[in-house]
Amino acid sequence: MFEKVLVANRGEISVRVIRALREMGIPSVAIYSDADRKSLHVLLADEAVNVGPPAAAESYLNVARILDAAKRTGAKAIHPGYGFLSENAAFTKAVADAGLQFIGPGPASITAMGDKAEAKERVAAAGVPVVPGSLGAVTDAEAARIAGEIGYPVLLKAAAGGGGKGMRAVHKAADLAAALRLTRGEADSSFGSDAMLVEKFVPSPRHVEAQILADRHGRTVFVGERECSVQRRHQKVIEEAPSPSLGDARRAEFGEVAVKAAESVGYENAGTVEFLLSPDGSYYFLEMNTRLQVEHPVTEETTGIDLVKEQIAIAAGRPLSLPARIVPRGHSIECRIYAEDPSKGFMPSVGRISYLRQPAGPGIRNDSGVYEGFQVPIYYDPLLAKLITRGATRAEAIARMKAALVEYRVEGPTTNIPFLRWILSRDEFLEAKVDTRWLERVQGEFRHVGIGAGKREDVAVIAAAIHAHRSAAAASQQPTENGHGMAPWVRVGRGRRFGGAR
Ligand code: MV4
């Protein structure tokens with residue numbers, strides 16, 4: 001096993017990896033930017049090395065500084081987490097050239113899956129269902145012919161795009177030429193390539209993704225799927241496992257297809273195969289994420305498999321010691337706790353966390369990257385923590401999540417906790433009748449009521465009680481018990497506020 005591992009990331013995912021390393025008896029090295037000197041991952045790692053100024057381009061993406069940190073500390077492998085350098089083929093090559101082990105797939109898999117056209121060709125050749133349309137990149141003339149064959153609406157997708165960037169729906173043939181010109185132009189300036197795919201537009205799809213693990217000895221296993229349809233602007237908000245939209249028979253088939261997709265590029269380590277699930281029940285390969293995903297905990301909670309420990313063991317050359325068929329047990333849900341203000345267009349909200357109370361109890365897991373007193377930096381993703389619950393049933397997992405979100409208090413930065421509670425109260429969510437556009441369709445109905453579990457009635461009741469108390473105090477010329485002109489049961493201070501989450 002590795003003598004020491006460097007974690008080339010920050011925040012909650014670094015903390016997650018450092019914990020796995022400690023459990024495995026492997027010393028950890030954190031890296032940090034000037035803005036992260038006091039970050040939790042730095043406090044928890046065995047060693048920490050500064051890799052530069054706050055801007056990620058100069059620190060968390062600074063390959064030379066990161067490799068130098070590994071050399072200086074004697075780390076033998078690098079775990080990239082997600083984001084930053086995790087899907088950068090050039091970085092994995094540089095890691096190997098430095099005589100270190102990258103904990104993730106090889107550069108060839110990253111490159112193949114990083115190009116939508118190549119990925120689609122490779123997986124289609126292996127028998128994986130792909131959206132009808134072009135396989136490789138097309139000329140304008142080919143796009144017109146294919147669109148005519150499959151029928152409108154079609155979707156133009158930049159081959160080098162990802163995460164929803166470089167896409168445009170076209171509803172009729174007359175609009176195609178102009179749409180191609182616009183989308184190619186945008187793709188060229190964003191990704192340096194104007195290569196374009198044309199596909200049948202799938203309306204109201206769900207996003208369901210398959211977790212796989214593949215070892216160096218030719219074994220690939222399906223470790224269950226995740227439903228990730230609750231998103232806004234291609235940013236996932238709530239994920240769960242298993243997907244409420246797959247039955248046991250479809251799940252097994254889905255798993256076989258995902259394994260084929262991974263094998264088509266000789267994949268090694270943990271990876272995620274994304275599918276679009278059409279309301280008619282058909283599903284299509286979308287892309288493969290060649291990294292550990294943010295939402296990996298819901299898979300861990302329903303399978304009992306520690307994906308990070310598996311990643312490290314695979315990178316050390318160990319054969320997988322998992323059964324061929326992994327049957328999920330119970331249900332798990334994840335809510336992403338973001339430092340953002342839903343009432344201000346979800347603008348990031350940073351600052352010092354002046355008070356923090358994190359939930360706990362049966363079936364509750366809190367993968368957090370912060371602590372009370374921590375100054376949330378403005379430079380990075382505003383994800384503070386992931387709250388994950390597990391239950392025997394979906395209903396139990398949801399009930400635990402609702403209860404845990406009531407306990408969760410973050411003062412200082414504004415968070416999306418009230419918004420998460422609102423989503424969990426919606427009938428469409430409870431009935432699992434959501435698609436990838438659902439949240440953006442309904443989010444305008446969300447109104448944050450600051451106190452009292454988000455219910456206006458509660459606020460009115462509290463206001464009336466305070467008023468009655470003040471009137472009584474004024475009449476008797478007595479100061480109120482707490483000296484703030486409030487009802488005696490309304491105390492001022494940390495975590496004592498009446499009512500639900502703020
Ligand atoms: C699609 C689609 C409908 N039809 N492809 C968006 C991100 C990129 N990975 C693929 N995406 C989509 N591709 C066809 N042929 C709808 C989406 C899509 C989407 C997919 C997954 C999760 C969220 C989404 C939100 C909007 C659109």
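The values are calculated or read from the model by the stated rules, or taken from the named source; none is laboratory data. Owing to the predicted nature of the structure, the values given are computational and were not obtained by experimental measurement. A quick note on method: Cβ atoms are made from the backbone with ideal geometry, for glycine too, and the neighbour counts reach across all protein chains shown.
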Val370 passes all but one of the listed conditions (1) among the β-branched types (Val, Ile, Thr); (2) over 26 Å from Pro54 (Cβ atoms); (3) in contact (Cβ under 8 Å) with a residue 40 or more places away in the chain; the exception is number (2)
Expected single match for at pLDDT 95 or above, in contact with a Lys or Arg (Cβ under 9 Å, 6 or more places away or on another chain) and at positive phi among Gly25, Gly52, Gly11 is Gly52
Q. In the stretch 254-271, is there at least one residue being within 24 Å of Arg336 (Cα to Cα) and away from the ligand (no atom under 13 Å from the Cβ)?
A. yes
Taking the stretch 1-22 and keeping only residues that are under 19 Å from Phe91 (Cβ atoms) and out of contact with any helix residue (DSSP H, G or I) (no Cβ under 8 Å at 6 or more places or on another chain), one is left with Ile13
Out of curiosity, is Pro377 in contact with a strand residue (DSSP E or B) (Cβ under 9 Å, 6 or more places away or on another chain) and modelled with pLDDT of 95 or more? no
### Message
Whether any residue in the stretch 173-186 is crowded, with 20+ Cβ neighbours inside 10 Å, within 13 Å of the ligand (Cβ to nearest atom) and at pLDDT 95 or above is what I want to check.
### Response
no
Among helices (runs of 4 or more DSSP H) entirely inside the stretch 224-333, those with 3 or more residues being within 17 Å of the chain's Cα centre (by Cα) and at pLDDT 95 or above are 296-303
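For every residue, the table says whether it meets (1) acidic (Asp, Glu); (2) farther than 30 Å from Leu182 by Cα; (3) more than 27 Å from the chain's Cα centre (by Cα); (4) within 13 Å of the ligand (Cβ to nearest atom).
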{"residue": "Lys71", "(1), (2), (3), (4)": "no, yes, yes, no"}
{"residue": "Ser86", "(1), (2), (3), (4)": "no, yes, no, no"}
{"residue": "Pro107", "(1), (2), (3), (4)": "no, yes, no, no"}
{"residue": "Ala112", "(1), (2), (3), (4)": "no, no, no, no"}
{"residue": "Gly161", "(1), (2), (3), (4)": "no, no, no, yes"}
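Of Ala137, Ala143, which residue is in a loop (DSSP other than H, G, I, E, B) and of a type in the set (A, V, I, L, M)?
When all the criteria are applied, what remains is Ala137.
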Test Ser109 against the stated conditions and say whether it is in contact (Cβ under 8 Å) with a residue 40 or more places away in the chain, in a helix (DSSP H, G or I), touching a His at 6+ places or on another chain (Cβ under 6 Å) and of a type in the set (Gly, Ala, Ser). no
